[in-house]
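Colleague: Dropping the structure in here first, questions after.
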Amino acid sequence: MSLNQINENMNKTVDQTAALTKKKEKDNAEIDGINKMNQISKYRNLYVIVEQVDGKIIPVGLEMLSEARRLIDDFNKKYSLNEKVIAVILGNGIKDLCKELIYRGADAVIFADDPKLQYHINKVYTKIIVQIATNTKYIEKISPEYSKEFKRPRYMFFAADSTGRHLSSTVLAELESGLASDINKLVIEDIDFRHEHKTKGQMLKFEKTLMMYRPDFSGFLWTTILCLDNKNPEIKRDYHPQACSIIPGVFEPLEKDESRTGIIEEHIPEFDTKDLEIRVLSRNVLKETIDFGSHKTIISFGRGIKESPEENIKLIEKLAKLLNAEIGISLPISKKPFKLSDKMNSLYITPERVIGTSGQKVEPTIYIALGISGATQHLAGMKNSGFIIAVNPDENAPIRDECDVFIKGRIEDVLPIMIEELERENMTQTKEEGGSAVVGTV
């Protein structure tokens, strides 16, 4: 190769390197520009969608307000901002509930009160919540310093119940953002994040990110869910509000504080006549099929039934009958990991029986955990029980640290002994009540 050719190749290489460097600088400048624009945020405040039934706020609404209050207080202190907790409530004859929401942690309440909102119709409720969430006139009164740039909420909370799960998904679809479901832990942090799609492979900072946690199906590992903007200049797009549905019973509601004051705004809803073609003529509330609250003893079982699932559940049934106990299950069991008869599946393998953050929170006098290892999400649902007995073959199972009595053994080995002793005790008591002097075995 001649000297001229070598020089030409070197010049080409230098030119290509310069072009790549220039392109990279341009991309970085665009990303910096996006970051600066986000500092003058179009997204402000935390909106909590509160449900009510027959004029009564459902408990999870107050629980969400409590957590929202904690998050926003820390958020404002950390970022030197003045963002608000805004409760949104819809219904008929519900204006008087607004003060209660202020007393329980909201800075402001936006309500829609109309006879057409007497019953929840998802399509109608979705449209009205979107109207409220994107209406700047309320921000002019609630957060005037942010009203010029405001576009929509920074964060939104919904209840992870049968109504809220549906409503949250349709609202966020209309707002063209993401949603995390069944959350039981929340943190707001600045995070450094690299992603081929969202950041074009560069490590970038995402400020004020709502980190949403939920346990996986094992209950031992946490899944972190993020709703992040696309900062890649080629596909840049915002994803706000960052939103989630929150599991009932996870957070403690704040004590009512009647000294708290706030702003209350009424939204006059705009209805689509086609949407009003669907009407609810009457509504009957069915009683809970599983009433844990009326039982002093609860027996729950987990994957420890695996050796003989059907037979073990029959033993649990027998024990529950002797103790007048209700039967619960752990979250993994609700996913039907074992083959059972249709009768057993329909009776026991149902979401209503799940105890934990993904199900019900219980506080019986006696709680018996059979074949349950003690995942965090399950412990959160039963740790306030009066007296806890655990049966597990693994002496290192986490539940051992939470129980009053730990029995090392398999369900199929331990339960027959427990049942035999209870039957013996019952027979003895029966004889004594009948006037017999016999005490002890029969």
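Colleague: Under unit Cβ charges (Lys, Arg +1; Asp, Glu -1), what dipole magnitude, rounded to 20 debye, does the chain have relative to its Cα centre?
Modeller: 1260
Colleague: What is the antiparallel percent of DSSP beta bridges lying wholly in the chain, to the nearest 5?
Modeller: Percentage antiparallel, nearest 5: 25.
Colleague: For segment 108-182, what is the accessible area per residue in Å², given a 1.4 Å probe and the full set of protein chains?
Modeller: Counting only protein heavy atoms, the per-residue value for segment 108-182 is 40 Å².
Colleague: Tell me the accessible surface of Arg237 in square angstrom (1.4 angstrom probe, heavy atoms of protein chains only), to the nearest ten.
Modeller: Counting only protein heavy atoms, the figure is 100 Å².
Colleague: Net charge around Lys339, counting only other residues with Cβ within less than 12 Å of its Cβ (Lys, Arg = +1; Asp, Glu = -1)?
Modeller: Result for the local shell: 0.
Colleague: Considering only protein heavy atoms, with the full assembly of protein chains and a 1.4 angstrom probe, order Phe157, Phe251 by accessible area, largest first.
Modeller: The ranking, largest first, comes out as Phe251, Phe157.
Colleague: For percent of Cα pairs over 32 Å apart, several values are listed as [x] 41; [y] 37; [z] 53; flag the one computed from this structure.
Modeller: [z]
Colleague: So, counting K/R as plus one and D/E as minus one, what does the shell of residues with Cβ under 14 Å around Lys274 add up to?
Modeller: 0
Colleague: Pulled fully out, how much extra length does the chain show between Glu425 and Lys306, if you take 0.36 nm times their separation in residues and subtract their Cα-Cα distance?
Modeller: Result for the pair: 39.9 nm of gain on full extension.
Colleague: Considering the dipole of the chain built from charges on the beta carbon (Lys and Arg +1, Asp and Glu -1) around the Cα centre, which of Ala68, Gln360, Ala243 is farthest to its positive end?
Modeller: My answer, from the dipole projection, is Ala243.
Colleague: Quick check: the distance between the Cα centres of segment 80-148 and segment 385-403, to the nearest angstrom?
Modeller: Segment 80-148 and segment 385-403 have Cα centres separated by 45 Å.
Colleague: Show me, for segment 241-248, the HN-Hα J-couplings you get by feeding each phi into the Karplus relation (A = 6.51, B = -1.76, C = 1.60, θ = phi - 60°), rounded to Hz, glycine and proline as x.
Modeller: x, 7, 9, 7, 9, 10, 5, x
Colleague: Considering only protein heavy atoms and a 1.4 Å probe, what is the carbon-and-sulfur percentage of the accessible area of the chain?
Modeller: 50
Colleague: On to the next question. If you put +1 on each Lys and Arg Cβ and -1 on each Asp and Glu Cβ, how big is the dipole of segment 346-427 around its Cα centre, in Debye rounded to 20?
Modeller: 320
Colleague: Let me ask you something else. Would you please give the residues with an amide H less than 5 Å from that of Ile388, counting only those at least 5 places away or on a separate chain, with H modeled from the backbone geometry?
Modeller: Excluding prolines and chain starts, which carry no amide H, the hits are Tyr367, Asp404, Val405.
Colleague: Could I ask something else about it? Taking each pair of distinct Cα atoms in segment 122-172 once, what is the resulting Kirkwood hydrodynamic radius in Å?
Modeller: Radius from the Kirkwood sum: 11.9 Å.
Colleague: Additional query: Using amide H atoms built in the peptide plane, which far-off residues or other-chain residues are under 5 Å from Ser181 H to H?
Modeller: Ser245
Colleague: Under the 0.36 nm per residue contour assumption, what length would be gained going from the current alpha-carbon distance of Ile264 and Lys335 to full extension?
Modeller: 21.2 nm
Colleague: Now for a different question. Show me the trypsin sites (Lys or Arg not before Pro) within segment 284-336 that DSSP assigns to loop and that have at most 16 other Cβ atoms within 10 Å of their Cβ.
Modeller: When the trypsin sites (Lys or Arg not before Pro) of segment 284-336 are filtered for loop state and at most 16 Cβ neighbours within 10 Å, Lys287, Lys296, Lys306, Lys335 remain.
Colleague: May I pose another question? Loop by DSSP (not H, G, I, E, B), at most 16 other beta-carbon atoms within 10 Å: where is the longest site-free stretch of the chain for GluC sites (Glu not before Pro)?
Modeller: Counting at most 16 other Cβ atoms within 10 Å as exposed, the longest clean stretch of the chain is 1-148.
Colleague: Could you check the spin-label model distance between Arg165 and Val53? Points 7 Å from the Cα along Cα→Cβ, value in nm.
Modeller: 1.5
Colleague: Now for a separate question. With the chain treated as a Gaussian network of Cα nodes joined by springs under 10 Å, which of Pro398, Pro241, Pro337 yields the largest mean-square fluctuation?
Modeller: Comparing Pro398, Pro241, Pro337 in a Gaussian network model of the chain, the most mobile one is Pro337.
Colleague: Next up: With all protein chains present and a 1.4 Å probe, how do Lys148, Lys123 order by accessible area, largest first?
Modeller: I get Lys148, Lys123, largest accessible area first.
The values are calculated or read from the model by the stated rules, or taken from the named source; none is laboratory data. Please read these numbers as outputs of a predicted model, since none were measured by experiment. Positions of Cβ are backbone-derived with ideal geometry, glycine not excepted, and every protein chain shown enters the neighbour counts. Surface areas here come from the heavy atoms of the whole protein model, side chains and all, with no ligands, DNA or RNA. Shrake-Rupley method; radii C 1.70, N 1.55, O 1.52, S 1.80 Å.
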